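Trainee: What follows is a single structure, and I will ask about it in a moment.
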Amino acid sequence: MADWLWPMTAWHWLAIGLVLIASEALIPGFILMWFGIGAVATGIALWLSPEMYWHWQLIIFAVVSVAALLLWRIRLQKHPTLTEQPGLNARSGHYLGREFISPDGISNGIGRVVIGDTSWRVAGPDCAAGSTVKVVGVDGATLLVETI
């Protein structure tokens, strides 16, 4: 790539970095921020050394972005986020050990139970309509049950 194809200045990198960091508020995933940090770091490096070649700019951008992401992941492993409701996104785990009535029963190992306003798929031994089942496990969105 010729130098005339790469007219990036420090202000370009800083603007790209700030847009990426601000985009984090709109796009879920917590990934754009690290590339934004890489772009800002590249902008600062280019501001300090205005004659830097384009390939060094790309190297700085890539190294800082990946390093920021890896450092954040290491920090999260050492200091996990604590919450008052750790199973919030795993509702099915809350039903372990509880008993429910299967209104239609279980046929060929598959049936349904109604919990609150939600109908859950269950897997377990065949049973008649109106039987009571106990949740003994979870397989994805399917509750594993045994007949009481």
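The values are calculated or read from the model by the stated rules, or taken from the named source; none is laboratory data. Model, not experiment: these values are computed from the prediction. Positions of Cβ are backbone-derived with ideal geometry, glycine not excepted, and every protein chain shown enters the neighbour counts.
Trainee: In this structure, does residue 120 turn out to be within 30 Å of residue 14 (Cα to Cα), touching a residue at least 24 places away in the same chain (Cβ under 8 Å) and out of contact with any Gly (no Cβ under 7 Å at 6 or more places or on another chain)? Let's see the steps before the verdict.
Mentor: Working: within 30 Å of residue 14 (Cα to Cα): no; touching a residue at least 24 places away in the same chain (Cβ under 8 Å): yes; out of contact with any Gly (no Cβ under 7 Å at 6 or more places or on another chain): yes.
No, not satisfied.
Trainee: Would you say residue 123 is small (Gly, Ala, Ser), modelled with pLDDT of 95 or more, surrounded by 14 or more Cβ atoms within 10 Å (Cβ to Cβ) and within 30 Å of residue 46 (Cβ to Cβ)? I'd like the intermediate steps shown before the answer.
Mentor: On the way: small (Gly, Ala, Ser): yes; modelled with pLDDT of 95 or more: yes; surrounded by 14 or more Cβ atoms within 10 Å (Cβ to Cβ): yes; within 30 Å of residue 46 (Cβ to Cβ): no.
Here the answer is no, as residue 123 does not meet what is asked.
Trainee: Restricting to region 124-143, give me the number of residues that are assigned to a strand (DSSP E or B) and in contact with a Ser or Thr (Cβ under 7 Å, 6 or more places away or on another chain). Quick ask: steps written out before the conclusion?
Mentor: In the first step, residues of region 124-143 are kept if they are assigned to a strand (DSSP E or B); the result is 127, 131-139, 142-143.
Narrowing the set further to residues that are in contact with a Ser or Thr (Cβ under 7 Å, 6 or more places away or on another chain) leaves 127, 131, 133, 138, 143.
Count: 5.
Trainee: Same structure again: Can you find even one residue in region 97-110 that is assigned to a helix (DSSP H, G or I) and on the phi < 0 side of the Ramachandran plot? Working first, answer last.
Mentor: Quick first cut of region 97-110, residues assigned to a helix (DSSP H, G or I) only: none.
Among the residues of region 97-110, not one is assigned to a helix (DSSP H, G or I) and on the phi < 0 side of the Ramachandran plot, which makes the answer no.
Trainee: With the structure loaded, tell me whether residue 39 is free of Cβ contacts under 8 Å to residues at least 24 places away in the same chain, more than 30 Å from residue 137 (Cα to Cα) and assigned by TED's automatic domain parsing to the domain that holds residue 15 or whether it fails that test.
Mentor: Taking the combined requirement at face value, the residue does not satisfy it.
Trainee: Just give me the residues in region 90-120 being in contact with a helix residue (DSSP H, G or I) (Cβ under 9 Å, 6 or more places away or on another chain) and either loosely packed, with under 12 Cβ neighbours inside 10 Å or among the aromatic types (Phe, Trp, Tyr) (or both), in sequence order.
Mentor: Residues satisfying the conditions are 118, 120.
Trainee: If you don't mind, there's one more thing I want to ask. Can you report the number of residues in region 43-95 which are in a helix (DSSP H, G or I), among the small types (Gly, Ala, Ser) and over 24 Å from residue 18 (Cβ atoms)?
Mentor: Of the residues in that region, 2 qualify.
Trainee: Just to verify a result, which residue in region 42-65, among those that are closer than 15 Å to residue 11 by Cβ and among the aliphatic types (A, V, I, L, M), is modelled with the lowest pLDDT?
Mentor: Ranking the candidates gives 52 first.
Trainee: Could you tell me whether any residue of region 22-35 is at positive phi and free of Cβ contacts under 8 Å to residues at least 40 places away in the same chain? Break it down into steps so the answer makes sense when it comes.
Mentor: Taking region 22-35 as the starting set, the residues that turn out to be at positive phi are 29-30.
Imposing the further condition that a residue be free of Cβ contacts under 8 Å to residues at least 40 places away in the same chain reduces the set to 29-30.
Yes, region 22-35 contains at least one residue that is at positive phi and free of Cβ contacts under 8 Å to residues at least 40 places away in the same chain.
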